[in-house]
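The values are calculated or read from the model by the stated rules, or taken from the named source; none is laboratory data. Source: prediction; values computed, not measured. For neighbour counting, all protein chains shown are included, and Cβ atoms are generated from backbone atoms with ideal geometry for every residue, glycine included.
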Amino acid sequence: MPCRSCGAEVTQFLDLGLQPLANAFRRADDTSAEFRLRLRSMVCDGCKVVQLAEPGPAERMFHAGYPFRTSSSARMSAHFTATAERLVAGLTTPDPFVVEIGSNDGTMLAAIADRGIRHLGIDPAASMVREAISRGVNARVDWFDAATAARTRNEFGPADIIYAANTICHIPDLHTVFKGLETLLYDGGVVIFEGPYLGDVLRLVSFDQIYDEHFYLFSATAVARIANLHGFALVDVEHLDVHGGELRYTLARDGRAPSPDVATVIATEDREGQHSLARLEVFAAEVVARRARLRDVLVEEHRSGRRVAGYAATGKSTTVLNYCGIGPDLLPVIYDTTPEKQGLVTPGSHIPVEPFPTDFGAYPDTFLLFGWNHTDEILAKERKFIDRGGRWIRYVPDVRIG
Ligand code: DWN
């Protein structure tokens, strides 16, 4: 099949089987059929981008009640406040305009709004747009595409910065995204976006980063090639230690010289053969082994009579639960802070999601840490559990219990 980004041939290297939509939490009594997508990871022979074989139904994935909120992590809230400060520092025109694609609950734009800078958040999740507006953010329910970009430019003028976090990799049709970027961006402006990094997924074997919403798994090599296809240049790249390892890409089309970091990261990716079938097939074999080890540890903990619960019903956990065949028999409950998920069951595996117990005595003996990308924040929060001898089952960067 052709690459969705450049049309060249793609090759499959991983098949996680039929998986439900990662954030399709549902009522326990909902017996309607669950949409399932065959999660197959491909690599493109042309632009090198890693992508899913087929996209999920966007309108079912990013609906009005989309349950993920950026502010569910204090660490991420701080990250986006710092990001806003970085963006503001880069503004040069007298009356700048900042656009965020996938603005979610307005965590990043709230800091821009506080400075009185013209801005617009665009997000298809109406519930999150309402939250953003309640924080004083100018946000609208919409998809970002060429038409939205044209309307936005007509209304506000060109954007100095177009920013997106964990959004561009969620959009299979990059052509309409780049047509929109081309239309909306001021000639001397920049596009800055960040998302899960292929290099970290391979290094950590964090296979749970692969799910319907993450249509692409970007790298500097792939983003540079995709940018060039659309008249942009990758002019900076920065590694971020958030969400399990991400890259932040800066694109421009004003002929500015790229940072040396771009060539450095691309050379590293080339040296590690990150886009080679040989390397990707090693990753696929490690995923199979990781599944077996995680199941073994969980079954053993269950057999020992110790009470086990999941920690954070992340989107990523849907892949772990369904690919590893973990259901309520092995994991009776997952605790999560998101009200929109509490009282529902997980996609496919149908494990109840509950608020964290207020009575510490109801805490389990062991947590299966689905929120591994927030480990520091979570361990600091759960000092009492740890001091009481509570154990953690982890599966990234390897399977261990302790
Ligand atoms: O790319 C995406 C990332 C940015 O966010 C989206 N496609 C969907 C989402 O992925 P995720 O759900 O895996 O994100 P997190 O931030 O790894 O997990 C969020 C979930 O974890 C929320 O339901 C809240 C929960 N959580 C918790 O219960 N206790 C999170 C923290 C930090 C906690 O202490």
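Of the residues Ala110, Ala78, which is modelled with pLDDT of 95 or more, more than 16 Å from the ligand (Cβ to nearest atom) and in a helix (DSSP H, G or I)?
Ala110
Can you name the residue in the stretch 197-236 that is more than 13 Å from the ligand (Cβ to nearest atom), part of a helix (DSSP H, G or I) and β-branched (Val, Ile, Thr) and, of all such residues, is nearest to Lys316 (Cα to Cα)?
Taking the candidates together, the pick is Val223.
Can you confirm whether His239 is within 14 Å of the ligand (Cβ to nearest atom), touching a residue at least 12 places away in the same chain (Cβ under 8 Å) and either in contact with a Leu (Cβ under 6 Å, 6 or more places away or on another chain) or closer than 24 Å to Lys48 by Cβ (or both)?
So His239 fails the test.
With respect to the numbered conditions (1) touching a residue at least 12 places away in the same chain (Cβ under 8 Å); (2) within 16 Å of the ligand (Cβ to nearest atom); (3) out of contact with any strand residue (DSSP E or B) (no Cβ under 9 Å at 6 or more places or on another chain), which one is the sole condition not fulfilled by Lys48?
Of the numbered conditions (1) touching a residue at least 12 places away in the same chain (Cβ under 8 Å); (2) within 16 Å of the ligand (Cβ to nearest atom); (3) out of contact with any strand residue (DSSP E or B) (no Cβ under 9 Å at 6 or more places or on another chain), the odd one out for Lys48 is (2).
Of the residues that sit in the stretch 46-78 and are farther than 20 Å from Ala313 by Cα and in contact with a His (Cβ under 9 Å, 6 or more places away or on another chain), which one is surrounded by the fewest Cβ atoms within 10 Å (Cβ to Cβ)?
Checking each candidate, the answer is Ala58.
Among the residues of the stretch 314-325, is any more than 10 Å from the ligand (Cβ to nearest atom) and more than 30 Å from Phe283 (Cβ to Cβ)?
No, there is no match, as no residue in the stretch 314-325 is more than 10 Å from the ligand (Cβ to nearest atom) and more than 30 Å from Phe283 (Cβ to Cβ).
In the set Phe370, Phe356, which member is crowded, with 21+ Cβ neighbours inside 10 Å, of a type outside the set (S, T, N, Q) and within 8 Å of the ligand (Cβ to nearest atom)?
None of the other options fit; the residue is Phe370.
Determine if the stretch 184-192 includes at least one residue that is in contact (Cβ under 8 Å) with a residue 40 or more places away in the chain, more than 19 Å from the chain's Cα centre (by Cα) and within 16 Å of the ligand (Cβ to nearest atom).
No, the stretch 184-192 contains no residue that is in contact (Cβ under 8 Å) with a residue 40 or more places away in the chain, more than 19 Å from the chain's Cα centre (by Cα) and within 16 Å of the ligand (Cβ to nearest atom).
So how many residues does the stretch 157-183 have that are in a helix (DSSP H, G or I), out of contact with any helix residue (DSSP H, G or I) (no Cβ under 9 Å at 6 or more places or on another chain) and more than 16 Å from the ligand (Cβ to nearest atom)? Before you say what the answer is, go through the steps one by one.
Residues of the stretch 157-183 that are in a helix (DSSP H, G or I), as a first pass: 168-170, 174-183.
Filter again for out of contact with any helix residue (DSSP H, G or I) (no Cβ under 9 Å at 6 or more places or on another chain), leaving 169.
Now drop any that are not more than 16 Å from the ligand (Cβ to nearest atom), which leaves none.
Qualifying residue count, the stretch 157-183: 0.
State the number of residues belonging to the stretch 7-29 that are of a type outside the set (A, V, I, L, M) and either within 12 Å of Tyr323 (Cα to Cα) or part of a loop (DSSP other than H, G, I, E, B) (or both).
Selection size over the stretch 7-29: 9.
Do we have Gly389 as out of contact with any Pro (no Cβ under 7 Å at 6 or more places or on another chain), part of a helix (DSSP H, G or I) and more than 14 Å from the ligand (Cβ to nearest atom) here?
Values: out of contact with any Pro (no Cβ under 7 Å at 6 or more places or on another chain): yes; part of a helix (DSSP H, G or I): no; more than 14 Å from the ligand (Cβ to nearest atom): yes.
Against the criterion (out of contact with any Pro (no Cβ under 7 Å at 6 or more places or on another chain), part of a helix (DSSP H, G or I) and more than 14 Å from the ligand (Cβ to nearest atom)), Gly389 does not qualify.
Could you please let me know if Thr250 is within 16 Å of the ligand (Cβ to nearest atom), closer than 19 Å to Leu198 by Cα and of a type in the set (Ser, Thr, Tyr)?
It is false that Thr250 is within 16 Å of the ligand (Cβ to nearest atom), closer than 19 Å to Leu198 by Cα and of a type in the set (Ser, Thr, Tyr).
Only one of Pro332, Pro397 is in a loop (DSSP other than H, G, I, E, B), more than 14 Å from the ligand (Cβ to nearest atom) and under 18 Å from the mean Cα position of the chain (by Cα); which?
Pro397
Given the criterion more than 14 Å from Tyr311 (Cβ to Cβ), under 22 Å from the mean Cα position of the chain (by Cα) and surrounded by fewer than 19 Cβ atoms within 10 Å (Cβ to Cβ), identify the matching residue among Glu340, Glu377.
Only one candidate passes the filter, namely Glu340.
Do the conditions hold for Ser41, that is, is it within 27 Å of His175 (Cα to Cα), part of a loop (DSSP other than H, G, I, E, B) and either touching a residue at least 12 places away in the same chain (Cβ under 8 Å) or among the hydroxyl-bearing types (Ser, Thr, Tyr) (or both)?
No.
For the stretch 266-284, does any single residue satisfy the condition of being in contact with a strand residue (DSSP E or B) (Cβ under 7 Å, 6 or more places away or on another chain) and either at pLDDT below 95 or in a loop (DSSP other than H, G, I, E, B) (or both)?
Yes: one or more hits.
Take Ala82 and decide whether it is over 25 Å from Asp142 (Cα atoms), under 19 Å from the mean Cα position of the chain (by Cα) and surrounded by fewer than 16 Cβ atoms within 10 Å (Cβ to Cβ).
yes
Determine whether the stretch 96-108 contains at least one residue that is without any contact (Cβ under 8 Å) to a residue 60 or more places away in the chain and more than 30 Å from Gly188 (Cβ to Cβ).
yes
Does Asp261 satisfy the condition of being surrounded by fewer than 19 Cβ atoms within 10 Å (Cβ to Cβ) and in a helix (DSSP H, G or I)?
yes
If you check Asp270 against the conditions, is it surrounded by fewer than 24 Cβ atoms within 10 Å (Cβ to Cβ), away from the ligand (no atom under 13 Å from the Cβ), among the acidic types (Asp, Glu) and in contact (Cβ under 8 Å) with a residue 60 or more places away in the chain?
The answer is no for Asp270.
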